[in-house]
Amino acid sequence: MRMILAGVAVLTAVSVAAAPAAAAAAGPKTGLRGWARMDPHGPVAGQDRLTLALDARSRHRAGSEPGSTRARGHATIQHAFPNEDGTFSTNRIEIDVDCLVTENGRTTAVTGTVRSLTFIVPPGHEQPTARPDWHPDTAFSFSTDANGRQRVGWSIPPYNDPTAPPAATRCVAPLPAPTDFYLVEGGFTPRR
């Protein structure tokens, strides 16, 4: 689980230039901004520190299906976790946003492609390495569970398994399993 959770995902979107006529015909703007600490086990933070900072924006094309968007933005997901000797390691992932999905005026998913993965380890600990060609699609979902708790889902394939199948599809919210987190601090606000 640490392999999946370990990360800081900076979702830095690729801007898609639109011709003036296309921009005038574009649909409504939408976005999501915020910071949150998350935990996989419950609504109270554990010893690991998993955070997601997000600033994503999109403009739906006129007449398009929900999720068919021109999106850009930035997010950072970071996982700091304790080692056996009491030191902490931190992992970071940077991602370019390619879609922000809304339904009934609420953001339900943000997808993108991994730009980079960085491991920060204290001296004396093994330095993991990611393959230079590891740039999979990844997805985040935003929801409220039956108990009214905010949840964040995240799908990304393991960095150390070149045979792993894709874990995300553009403009599709990830399934709740295997990685669905409780939002334990902070939150996200829609932006227009």
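Remark on F181: its backbone amide H falls under 5 Å from those of V152, G153, W154, a criterion applied only to residues 5 or more positions apart or on other chains, H modelled at 1.01 Å from N. Full extension of the chain between H125 and Q47 yields a length gain of 26.1 nm, computed as 0.36 nm times the residue separation minus the alpha carbon distance.
Quickly rank 136-148, 107-119, 34-46 as a protection proxy: mean count of other C-beta atoms within 10 Å, highest first.
Output ranking for 136-148, 107-119, 34-46: 107-119, 136-148, 34-46.
All of the numbers you see were taken from the coordinates with simple rules; none came from a lab. From a predicted model like this one, the values you see are computed outputs, not experimental measurements. All Cβ positions, glycine included, derive from the backbone under ideal geometry; neighbour counts span all protein chains shown.
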